[in-house]
Amino acid sequence: MEGFVKNAETGFERVSPGVSSAAVHAIAWLTLGNTIGLMLAVLLVLPRLNSFLGEWTYGRWMMVHMNVLLFGWCSLPLIGFLFRVYGAERGVTAQWCRPAVWLWSAALVAGSCSWLSGESSGKLFLDWSGYSRVFFPAVMFGLWVVLALAFVRGVRIGPKAGWAAVTAKMLGLVILLAVPFVIYTASGPGGYPYINPDTGGPTGQSQLESSLGIVLLLLLLPLGIASIKMPTRRGILPLAWTVLIVQAMLCAALGRADASHRAPGQWLGVSSLIVWAALVPAYYNLFAWRAETRRWRTAFLAWWIGLVVSGCIFFLPGVLDRFKFTDGLVGHSLTAVAGCLTAYLAFILIELTGDYGARLFNATWSFYAWNLGVLAYVLLMTVTGWIEGAHPEFTFVPGIARNVAYWIRVLTGAAMLAASLDWMLAAIRMTGPHVAAISTAVDVEAA
Amino acid sequence: MRRASERLDGWRGAALVAITYVYFLIFAQFAFLARLGECGVAETALKTVMAAMAAGGVLFSLLTPALVIRFAAARLLRFGLAACALAALLSLAPLNYPAAIAVAFLAGSGLGLLTITVVSHLPRWAGRRNPVLMAGVGAGIAYFICNVPAVFTASPSSQALLAALLCAAGLLLPAEVAETEEVPAPAAALSFRLALLSFAALVWLDSAAFYIIQHTAALKAGTWMGDLHLWANACIHLAAAILAALLLGSRRVSLVLAAAVLALGFACILLHRPDLSLSASLFYPAGVSFYSVALVAYPAFLSGSVSLRDRARRAGWIYALAGWVASALGIGMGQHLGEVPVLFVAIAGAVVLVPALLILLHTRTREAAVAALAAVLAFIVWRMLPATPIAVPAAAAERGRQVYISEGCISCHSQYVRPGTADQLMWGPVQSLEQVHQQSPPLIGNRRQGPDLAEIGSRRSPLWLKAHLIAPASLSSDSPMPSYAVLFRDGRGDDLVAYMASLASRDSAQAQMQAAWQPPEIAWQSASADDGATLYKRHCSTCHDSGGEVRQQWAAQFNHFPKDPPAMHAYAGKHSRAQLAQVVRFGIAGTDMPGHEFLSEGEIASLAIWLSQSPAQPLPLTTETH
């Protein structure tokens, strides 16, 4: 899975095998997830086709669909990021980056087999059960070992880094070490987050907490891979971190307990996130990014603003009551994962791999097919969610409007799948046997 | 102009590949056999006739390489197309045994000449921009056409005529193109011997599976059932062919062949059970299209051939041995064994996959070793963990809860009735948070693609639940709910029903709330008996009409046999419309009569009005949409 791109000045340029294989594996999981998603959308409009599936029923495929997108597509690019930040692509750990990525994919294969065979924890997005509940955390631990070794090597022989960077990386390692154990424990049948009694969903405090976690990641990532280009506007940096700390304190003050979204503290807490609709774009504009990232960076920021604003609105009393359990919130989730996060991951991968990533993601048609497909899906789901809020039977009682909505979902899914196939084929083109020949040539030349 | 010409070049190649494949699929493999049957050629005579076709095919596959360097491409192409068209036309005549042999030999020879000529010259005819894609598009279109219901179900004579007409159309395609300098071919994407073996294994599998499906009524019914199914097959073929072409464009021959053998092998194994033939029909077309594109693209572009003659020679061997001989062997296997043995699937899989796996292991030794080691270690740890829940819950409802989790019901159904909302009357009563937290884990879900199930046991009887899980559309017309009949082959379905039936709190306040409900005045004003009659047909007749699907299927298991329309009207005469509306909306507790919470107030009022009216005209006795 080694990637090579042609560079006009230097001939063929090698891309880090760890990062490029993380990108390729991520895209492969995205393509698989989208293929399954499209199949599920078709099954909704043609339920008779469900008999094709035999034991591998709709519900089981749904688990595979959601988990491979979350733990495959959304996670692997961030692993590439971690390789870069911890310097794992250099020295003795370089040869272990790609095996770590393969291991991650192996765990997802094991998980997919377990979901298809009917093993599930019953917890959405924490569906690790049986053997895969052990295998996946073990894989995470293996990845942690690679990062820890790279960190130790970096501290011992690498260029002198600032104490803040070393401390941050060490803190990051401590947090990452906890993740496998958290995943294992949280996937068990016991333990369930606090509930909003009026909706059955998460509380405002819980939403605020997880959103701040995402904001924390968004603020940290540029520090690991980009430099500041606008010293005159540096004030945004402390401002963003101060706001984050204040909101974290607010979150702590709200306390963890079952609580309704109608309690002012809960919805005001979530509404306070609106500030990030402006702060994150300003924060990201501080940094110098590769020119090739411009398209996806813009898309990410546009999706981010939409996500934050719609998220705050969706949680308001009255609005959440109407949208809970409906297509509207599914559309919101898609705004987060398919819109915002996907654009972000493409942007980060291009930043990490330069020309290689640009060749993967920067085709014009697939960029628009993806983003417009997601946008159409989100708009459709918001409208149908609004209808469903007043008429819960809308999605499961036949009718022209329902059927048209389902068919539009198929079309938008097809657009997204076509885009991901384009990225997959681009990845294959850059890692195929013809590239292996180039690889040999490069190696010979280097020797 | 030059660009337009280049584009035309590409489509010329695609069209020739499509014509060749359509001829082979719809005539040589299909219509001709049926025509022979119509002419009374059967048993041993049939085998001889087919052997004549194979002999013609093998002979001209091996002869044509010598011809391609002596004769112009256009001339050979015309000869091949004309021979094929003539054979198809001759097959329309009443054939006796010797005539059948002659026509079969002509068809095989024409096909041999045509395939080798097309493949040998494809680099010229498939354009420069994306020749492999053009080959894939041609193959995909051919499979698509053959699966179009009108073509697939046409009479053998019509199919033969179509094949002849397509060949005639091929004669009109300008075949001569300007001589272009032979571009030095890159190294073979897969060694020729391995490719030959792989193609032979794949064609053998395909031919055996095809023959078995054709000659087993249950499998044929399961794999080609109805127009929708044929359109689905056509789309799968086309999509797989294009995908294969895109992969082959990146020289991923091993990957494409591996995908083909996995799909075909899996389909062959599924075919062992006729009840799984529907699933097999999902994988079979994908596998076939994958290798069919490779069968054209490999000898034409990816075999590392250094000259036209070399390319023709390799194509000749592939089509003679892997195409004709392996196909005959596959048919023989189908005839004698009636199934593709698992051992043979394993051998075919090994032939195709092992070289690819060895290459992978050679180039990715560290990755494979780490993954294997970690998998084993994780397995050991998992087995050593004391908390590994192996024990099967004793109670049916507990086991059913596990089935609910395993099947991912949570993806579409919530179990949470929101207080103070319309949920409460529709799906209530509300559970306390303490009750929810006591569940391990709570199954609240986050999405309703179907109704909330927190109190499903209060609203539906076990019989209703079972009938609905087996055939959702029989009770809820056009329901998007998938059938879970598969769960009732063992005890899982009954366990699931037991679990769902247990989701009932029998709350008296809820019963009072339902008893107090009646449609608002505005609903009565907009309601009509005509609407009620339509709604009856749609939602009620399946249980209440004498010919209703559910009534007939589950007749012996109703705890209160559903009233027929006269009895319903008699019952209605003793109750007020408001009471009837409550029955329609909430059902009758303790019976199999379900509620219809999803109907609007106006619809419920219409049904109540219709029920309360004496039948002035004959009542509908047949179901409309179940």
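Brief remarks follow.
- With a Förster radius of 22 Å applied to the beta-carbon distance between A:Y194 and A:F125, the computed FRET efficiency rounds to 0.85.
- Average beta carbon contacts from partner chains per residue of B:495-506, 10 Å cutoff: 0
- Exposure check, 1.4 Å probe, all protein chains in place: A:S420 carries approximately 0 Å² of accessible surface.
- Gaussian network model of chain A, Cα within-10 Å springs - most flexible of A:C74, A:C340, A:C312: A:C312
- The slack in the chain from B:F488 to B:S600, taken as 0.36 nm per residue of separation less the alpha-carbon distance, amounts to 37.0 nm.
- In terms of overall dimensions, the C-alpha atoms belonging to the range B:361-474 reach 63, 34, 29 Å along their principal axes, ordered largest to smallest.
- Modelled spin labels at A:R234 and B:A45, positioned 7 Å past Cα toward Cβ, are 9.7 nm from each other.
- Segment B:L357..B:D478, full-extension length gain: 39.0 nm, with 0.36 nm per residue of separation and the alpha-carbon distance subtracted.
- In this simple spin-label model, placing a label point 7 Å from the Cα along the Cα-to-Cβ direction at both A:A291 and A:D321 gives a separation of 5.5 nm.
- Alpha carbon centroid spacing (whole Å) that separates the range B:137-154 from the range B:60-114: 22
- Threshold 50 Å² - residues in the range B:409-423 whose accessible area is reduced by that much or more when the chain is no longer isolated, probe 1.4 Å: B:S411, B:Y416, B:R418
- Each residue was assigned an accessible area with a 1.4 Å probe, and for B:R313 the value is about 110 Å².
- Among B:L443, B:A473, B:S505 - extreme Cα towards positive end, dipole of the range B:396-508, charges at beta-carbon: B:A473
- Calculated over chain B, the projected area of the Cα convex hull averaged across directions stands at 37.9 nm².
- Computed on the Cα trace of the range B:494-570, the radius of gyration divided by the Kirkwood hydrodynamic radius gives Rg/Rh = 1.06.
- If you wrap the range A:18-157 in the convex hull of its Cα atoms and look at it from every side, the mean projected area works out to 8.3 nm².
- Helical content of chain B, expressed as a calculated mean residue ellipticity at 222 nm, amounts to -20500 deg cm²/dmol (DSSP H runs of 4 or more residues, -39,500 (n - 2.57) each, divided by residue number, nearest 500).
- Pair-distance distribution of the protein assembly as shown: all C-alpha pairs, bin width 20 Å, starting at 0; shares per bin in whole percent are 11, 37, 34, 17, 1.
- For A:T364 and B:K563, a Förster radius of 51 Å and the Cβ-Cβ distance give a FRET efficiency of 0.20, rounded to the nearest 0.05.
- At least 18 Å along the helix axis (C-alpha) and Kyte average at least 0.5, DSSP helices within chain B: B:43-68, B:73-90, B:97-125, B:131-147, B:156-172, B:192-215, B:226-249, B:253-270, B:277-297, B:342-363, B:365-384
- Whole-Å distance, taken between Cα centres, linking the range A:168-228 and the range A:354-386: 26
- Label-to-label distance, nm, for residues given as B:R309 and B:Q613 (7 Å Cα→Cβ offset): 8.9
- For the pair B and A, the buried accessible area comes to roughly 6300 Å² in total, with a 1.4 Å probe and the value rounded to the nearest 100.
- Apportionment of accessible area to carbon and sulfur, the protein assembly as shown, percent (1.4 Å): 67
- For B:I331, the solvent-accessible surface computed with a 1.4 Å probe is close to 60 Å², ligands and nucleic acids excluded.
- Within the listed set A:L149, A:L301, A:L49, the residue fluctuating most in the Gaussian network model of chain A (springs between alpha-carbon atoms under 10 angstrom) is A:L49.
- Nearest-0.05 FRET efficiency for B:S155 and A:V179, computed from C-beta distance (R0 60 Å): 0.40
- Between the range A:88-117 and the range B:492-507, the Cα center-to-center distance that results, in Å: 41
The values are calculated or read from the model by the stated rules, or taken from the named source; none is laboratory data. All figures in this text were calculated on a predicted structure; none of them were measured in a lab. A quick note on method: Cβ atoms are made from the backbone with ideal geometry, for glycine too, and the neighbour counts reach across all protein chains shown. Calculation scope for accessible area: heavy atoms of the full protein, side chains included, ligands and nucleic acids excluded. Shrake-Rupley method; radii C 1.70, N 1.55, O 1.52, S 1.80 Å.
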